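Colleague: Before I ask anything, here is the structure I am working with.
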There are 2 protein chains.
Amino acid sequence: MSQLEIEKASIILKLLGDKTRLTMVKILNSHDCCVCEFVGIFKASQPAISQHLRKLKDVGVVRETRRGQWIIYSLNKESEYYPLVQTILQHLPNQDFRLKELEEQGLRISCE
Amino acid sequence: MSQLEIEKASIILKLLGDKTRLTMVKILNSHDCCVCEFVGIFKASQPAISQHLRKLKDVGVVRETRRGQWIIYSLNKESEYYPLVQTILQHLPNQDFRLKELEEQGLRISCE
DNA sequence: GTTTTATATAAGCAAATTATTATATAAGTG
DNA sequence: CACTTATATAATAATTTGCTTATATAAAAC
């Protein structure tokens, strides 16, 4: 079991202690996503989504890669926090239905 | 693996996303404690400690039992959140040294 | 090169969180 | 019963967080 300082762990837990960010990370655990997909999934503005992603990126939980005009976010498996994040995500129900809903609205394809 | 709604999980993660509360819960995982012991352990006022404990109690993560003039807090193993809390705590270093320090100051005995 | 699409960032503000100070309650002690 | 000890609660102040609005950047399309 990889161990983390309490201080660092509490930072990660606070980050994941937000419904939107926690759902984002759960989704990223099975599928990479771009910002516009998250904007479609959550009833939140684009800047709000960008700001959540930035927080996750700042601590290294997620990474970004540009692909054309899209920026694709993915879980950073090299992060020292990855083991903790993984065990937390295992307690959460699959969120694939959210991506399904997106596809039904024709919003998923746009970023592929 | 017991599953939790995202909404509920995020509430727990936010609660544990505080250094003081996270350390409290880690300590309670191996030893019951009273409020005055936590006041000794953390550089925080008694009301601040009480308020942290209240938040943990309100969601059912901890329980309290009065023993004379002391109120002893313990982890609530019946909580639906207990499995999630356990897996998180496994990633954290043991905090027994904090209780040791208390004993050396003669502050532990007072609550026994 | 202007326009559109995707995203980021900055500033301002409202809501939520945490700590402090003061006071209340409840048990134990002399 | 007055006094002390342990704890809780209420009010308030300070800090943090998350959202909105406006603007900037960067790539793609025309």
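The values are calculated or read from the model by the stated rules, or taken from the named source; none is laboratory data. Keep in mind it's a predicted model, so treat the numbers as computed, not measured. Cβ coordinates were reconstructed from backbone atoms using ideal geometry, including for glycine residues, and neighbour counts include every protein chain displayed.
Colleague: Would you mention how many residues in the stretch A:16-61 are in contact with a Gly (Cβ under 7 Å, 6 or more places away or on another chain) and surrounded by 22 or more Cβ atoms within 10 Å (Cβ to Cβ)? Reasoning before the result, please.
Modeller: So the first thing to find is which residues in the stretch A:16-61 are in contact with a Gly (Cβ under 7 Å, 6 or more places away or on another chain), and the list is A:17.
The next check asks that each one be surrounded by 22 or more Cβ atoms within 10 Å (Cβ to Cβ); those that pass are none.
Number satisfying all stated conditions: 0.
Colleague: Test of understanding: among B:Val39, B:Val85, B:Val59, which residue is within 16 Å of DNA strand C (Cβ to nearest atom), β-branched (Val, Ile, Thr) and either within 14 Å of chain A (Cβ to nearest Cβ) or touching a residue at least 24 places away in the same chain (Cβ under 8 Å) (or both)?
Modeller: Exactly one of B:Val39, B:Val85, B:Val59 is within 16 Å of DNA strand C (Cβ to nearest atom), β-branched (Val, Ile, Thr) and either within 14 Å of chain A (Cβ to nearest Cβ) or touching a residue at least 24 places away in the same chain (Cβ under 8 Å) (or both), namely B:Val59.
Colleague: Restricting to the stretch A:1-36, and then to whatever is within 14 Å of DNA strand C (Cβ to nearest atom) and polar (S, T, N, Q), can you tell me which residue is farthest from the other protein chains (Cβ to nearest Cβ)?
Modeller: The extreme case among them is A:Thr20.
Colleague: Could we say that A:Asn76 is modelled with pLDDT of 95 or more, within 11 Å of the chain's Cα centre (by Cα) and away from every other protein chain (no Cβ under 14 Å) here?
Modeller: yes
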